[in-house]
Structure formats: C-alpha cells, structure tokens
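Asker: Quick one: the structure is below, and I'll ask about it shortly.
Please treat every number below as a calculation from the coordinates, not as lab data. Quantities reported herein were computed from a predicted structural model and do not represent experimental measurements. Methodologically, a virtual Cβ is constructed for each residue, glycine included, from the backbone with ideal geometry; neighbour enumeration extends over all protein chains shown.
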Ligand code: NAP
Ligand code: G4F
C-alpha cells in the first residue's frame, strides 16, 4: 500500500485529493493546523467513517513554518508521495500578509524539500501546488509551461520562489519534484471568500430573500475556471508520470467575473441588466423567468423554513453592487491556459465546462441555503 502525505488537507483541493487517493488504495496522511475552532469540515464525511479514520486516513498536527515538525513527520510517516497544497492561498489577503505569505508559500516549500534531504528519503515524489498567478501580467496568450512569469501579488511572488526551488532541488539533488501550474479550479467546497463561491452563495441567499445584494470588485477580470476534483486527479497523474516535470492544468477557455455572475443568476431564472460605470455600476433585475422559478420552487419543497422570494425580486431591483475595497492593487486581468502538454503526456483533460461548473455550484448553495439556512 502506497503512503501519501498531503499538506493543506483541510482545504478544497486537499479534501478532494484525499478521496481520490483513498479510492486508489493509498494510505493517506494529512497535516492539519491547530485552530481555535474546527477546520476539518471538508473532511467530516471521511473523519466520521470508522473504516477510514486511523485505518486508511491519519491526521497529524503541523505547520509549514515549523521545520522540526516537518522533519519529525517525514521520519515517522516515510511517505512515497508528498502533495504540498498548504498555502495562504488568497491573493488579496497576501497584500495584507506579505511576510506570512512568503514564509508559508515560498519558504514552506524549501523547508519541506530540505526535510526530505535531512531525513534521507531518496525515492519520495513531491508535488508542488504552483499557480497560474505566476503568469500575472501575462506575457503570452494562452499561457503554457514555457510562458515567462510576471507575478502581480505577494502571493504570486511567494509561489514563484516555490516554483523555482522545486526546479533547483530537482536539478541539484535529483529529487523527484514536480510543479503543477494549475489555473483556477472551483467547486462547492471552494473557500467562501473566492469570487465564484461568494457569488453562488450570495445568489442563493438573494433568491430566498435572506440577502439583498452582493458586493463585488473587478467584474471584468478574466479567469480560466475548471472543476476542482478533475484538477486533483491531474495532481496524481503529474506525480505518477515517468519523470519529474512541470505541467499546466487548465480548460483553455476564459470568462469574466461578470459572465460568472450573469450565469449564476440566470440559473435561478434572473436576468441582470448592468447600469452605470466603474464603482457606480450596478446589476439590476431585468426579468425573472417563471418557468425556471417553478422548477426551483419544486426543488424547494424539501425545505420547511425558506421559500423562494421571487415575488420580491421585481425588475429594477439592485442585486449586484461594486465595492472598490475588493479591487486588487495590482490585478491579473486575463488568465487562459494551454493544457496541451498535460493532455498529450498525462492523458488529462477537463470534462466539466463553464456552464456545468456554475450550475453545480449554485445548486449546491441553493440546497444549503434551503436545508440549513446556510
Ligand atoms: P485552500 O482551500 O485555501 O486550502 C489551503 C490549505 O492550506 C488549508 O488546508 C489550510 O489550512 C492550509 N494552510 C494554510 N496555511 C498553512 C500553514 N501555515 N501550515 C499548514 N497548512 C496551512 O486552497 P485550495 O484552493 O485547496 O488550493 C490548494 C493549493 O493550490 C494552494 O497552495 C493554492 O495556493 C494552490 N492553488 C489553488 C488554485 C485554485 O484555483 N484553487 C489554483 C492554483 C494553485 P486551514 O484549513 O487550517 O486554513
Ligand atoms: O476568486 P479570486 O479571489 O481568485 P484569484 O485571485 O484568481 O486566485 C485564485 O486562483 C489562483 C490561480 O490563478 C490561485 F493560485 C489562488 O490561490 C486562488 O485560488 O479572484 C478572481 C478574480 C480576481 O481578478 C478578482 O479581482 O475575481 C476578481 N473579483 C471581483 N470581485 C473578486 C471579487 N475576487 C474576490 N475574491 N472577491 C470579490 O468580491
């Protein structure tokens, strides 16, 4: 039985990767941070399974800023594969926490690689969660493994260090270490302050009358958004490729935040009309499609406490506002990846397209808001 060690196991990707590796027959070890409240929500379904917890899945306290802890864990677990997913992963927050972000996202990667050398794990394979944020102010469209980097945030710069230290330790010490340069990937488990989840959660709440508006920043930023579980399968394929190499995982398509917002509300039967410009721009209700609304009201039958509030959603009502606090000091305007290398060498390809992604996220949030009030 192969052993995998996952940092960031409590995050969106960590939870999907755990499921995928358990299914493939791995023994999975995850590193969790001490927190003043529970941070294992995304793993609860595995945590509560007596056949899995402490039989196939083991959780250990740890932190990427604690070198001696990483050494001890590697000595104890002796993993075959390490997936380094832990990070301060929020780009906007990295402007507030630049030093911490560098410590975790940049130096954290170095600490791990050095711990591998220190403990003498000769055969271990190491996956680094690199990011399309490395491309930042893009030097080429679309972006591939050979596109020059130009990061635009302390997060992007910290991850750039992580990227190059992987390349350097691979070349200098022969460690099997690979970068997955992943473009944005989303899911119902996405952190709630990332724009996709923020929009789908807010739209569901607006539909049931629990929230009036959602405040967003730059509506015109373009992202290459895919479905997270497919990207986690890609991580495994990267580490199980015949040699350590770096791969872009992306859909090859790009959409604006505005399009994501429009499609989310359209799934609820609500068409948006944009009026005004810059920070004065607002999204108004243009119309409500009652056929879609009826389907959703049927879906709503399981809920005793919340009812759709379409009656209050009158044309003209403002549902989207702009809050400049969400603007980035330096923005990444356009990301679109070229996944040709991964498609050819790893036989990896995205399956879930943009409308399907929006649909599965809004359906999940609607379900949560109706059954649990969120
Ligand atoms: P996420 O949901 O924000 O999860 C981040 C994980 O890192 C959480 O488990 C978090 O623990 C843990 N963590 C944070 N600081 C830590 C520290 N000092 N020591 C140990 N653990 C720490 O992120 P994600 O979306 O799953 O992304 C996974 C990785 O891929 C990240 O490295 C991210 O930067 C990178 N990435 C993500 C995307 C994307 O679109 N999702 C794209 C490219 C690259 P808590 O639960 O305790 O906070
Ligand atoms: O959802 P976001 O915060 O994701 P961002 O900045 O692209 O970063 C994510 O993807 C990266 C891969 O490219 C990962 F490395 C990183 O860890 C993270 O997972 O913002 C997406 C876009 C940005 O252009 C932002 O300015 O949405 C724009 N946006 C507009 N209004 C907003 C908002 N972003 C957030 N978070 N909140 C808003 O209200």
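Asker: Using Cα-Cα distances under 8 Å and only pairs 6 or more residues apart, what relative contact order does the stretch 3-182 have, in percent?
Answerer: This gives 21 percent for the stretch 3-182.
Asker: A further question follows. Just to verify a number: FRET efficiency for residue 220 and residue 295, C-beta to C-beta distance, R0 = 30 Å, to 0.05?
Answerer: 0.45
Asker: In addition: Along Cα→Cβ, 7 Å out, is where each label goes; now give me the distance between the ones at residue 318 and residue 237 in nm to one decimal.
Answerer: Reported label-point gap for residue 318 and residue 237 is 4.6 nm.
Asker: Let me ask another. Would you please report the Å³ per residue occupied by the convex hull of the alpha carbon atoms in the stretch 62-139?
Answerer: Spelled out: Cα convex hull of the stretch 62-139, divided by residues, is 99 Å³.
Asker: Next question, about the same structure. Restricting to the chain, compute how many DSSP beta bridges are antiparallel as a %, nearest 5.
Answerer: Roughly 25 percent of the DSSP beta bridges within the chain come out antiparallel.
Asker: Compute the helix-to-body angle for 290-299: its Cα long axis versus the longest principal axis of the chain, expressed 0 to 90° and rounded to tens.
Answerer: 60
Asker: Give the relative contact order (percent, whole number) for the stretch 161-239; include only Cα pairs under 8 Å separated by 6+ residues.
Answerer: Contact order relative to length: 33 percent.
Asker: Same structure, new question: Taking only C-alpha pairs under 8 Å that are 6+ residues apart, what is the relative contact order of the chain in percent?
Answerer: Computed over the chain, the figure is 17 percent.
Asker: I would also like to ask the following. Just subtract the alpha-carbon distance of residue 144 and residue 343 from 0.36 nm times their residue separation and send over the number in nm, one decimal.
Answerer: Extending this stretch completely gives an extra 70.4 nm.
Asker: To the nearest 10 degrees, how steeply does helix 12-23 sit against the main Cα axis of the chain, on a 0 to 90 scale?
Answerer: The answer is roughly 60 degrees.
Asker: Suppose we keep just the alpha-carbon trace of the stretch 3-182; what are its Rg and Dmax in angstrom?
Answerer: 16.2, 50
Asker: Treat each spin label as a single point 7 Å out from the Cα along the C-beta direction, and report the residue 351 to residue 275 distance in nm.
Answerer: 4.5
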